[in-house]
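What follows is one structure encoded as structure tokens, with my remarks underneath.
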Amino acid sequence: MTTYGVLVFEGAEELDFVGPWEVFTVSAMLREGADEAFLIAERPEPVRCNKGMRVVPDHLLDDHPKLDVLLVPGGRGAREEQLSNQALTGWIAKVAAQVDWVTSVCTGAALLHAAGVAKGRRVATHWAYEDTLESHGDVTVVREARYVVDGNLVTSQGVSAGIDMSLWLVGRLHGRDHARAVRRYMQYEPAPPYLADEPL
């Protein structure tokens, strides 16, 4: 059984965690409920995300099941107000030492850095945040990869890249055929962006 803990906080970018959530929960469904995913937050109240979506956490920082995978999203909260939230960064540091895999999407890498988890590691983040993260020091920002694997740390570029990263992870955990089945169920077959410019 694999348990996925998906951190949410004020200002978290919606697709940063909803995309991976879809991958993890479809994976769990195809494995006939063998896995579970949870939203975890600092407080029990609904969390207002970056673009206004509100979500209700399943568990709190001090009361959640044992996790195998931790996912930290990005968004305004990750690169601004939450960076100085020692309750959050302290929890990330503690849980990161206990789980099998630590993952982030977009500027979630900033929270991993603030928690000490990404220091001395190779990471990916949103293209517009690469210079800023690198300026924090003691981190190598990889600029041309959708996601980067450094030991048990897997970080991805912005927003939709989290889906790619999560598919890689469920493939690593449960096999490539399983990851392909998850992708097929989701009908995740991204086309190059220029196709959006083609006439209807």
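Residue under question is Trp168, and the condition is that it be closer than 22 Å to Ala41 by Cβ, aromatic (Phe, Trp, Tyr), at pLDDT 95 or above and surrounded by 16 or more Cβ atoms within 10 Å (Cβ to Cβ); does it hold? No, not satisfied. Within this structure, Pro65 passes the test of being in contact with an Asp or Glu (Cβ under 8 Å, 6 or more places away or on another chain), assigned to a loop (DSSP other than H, G, I, E, B) and either on the phi > 0 side of the Ramachandran plot or touching a residue at least 12 places away in the same chain (Cβ under 8 Å) (or both).
Just one of the listed residues (Val18, Val23, Val95) is surrounded by 22 or more Cβ atoms within 10 Å (Cβ to Cβ) and either assigned to a helix (DSSP H, G or I) or not acidic (Asp, Glu) (or both), namely Val23. Here Arg180 passes the criteria (1) out of contact with any helix residue (DSSP H, G or I) (no Cβ under 9 Å at 6 or more places or on another chain); (2) surrounded by fewer than 14 Cβ atoms within 10 Å (Cβ to Cβ); (3) of a type outside the set (Asp, Glu) except the one numbered (1).
Quick one: is Leu112 closer than 18 Å to Leu167 by Cα and of a type in the set (A, V, I, L, M, F, W, C)? Criteria not met by Leu112.
Residue count for region 147-165 satisfying the condition of being part of a loop (DSSP other than H, G, I, E, B) and buried (at least 22 other Cβ atoms within 10 Å of the Cβ): 1.
The values are calculated or read from the model by the stated rules, or taken from the named source; none is laboratory data. Computed from a predicted model, the values in this text were never measured in an experiment. Glycine gets a Cβ as well: all are built from the backbone with ideal geometry, and neighbour counts include every protein chain shown.
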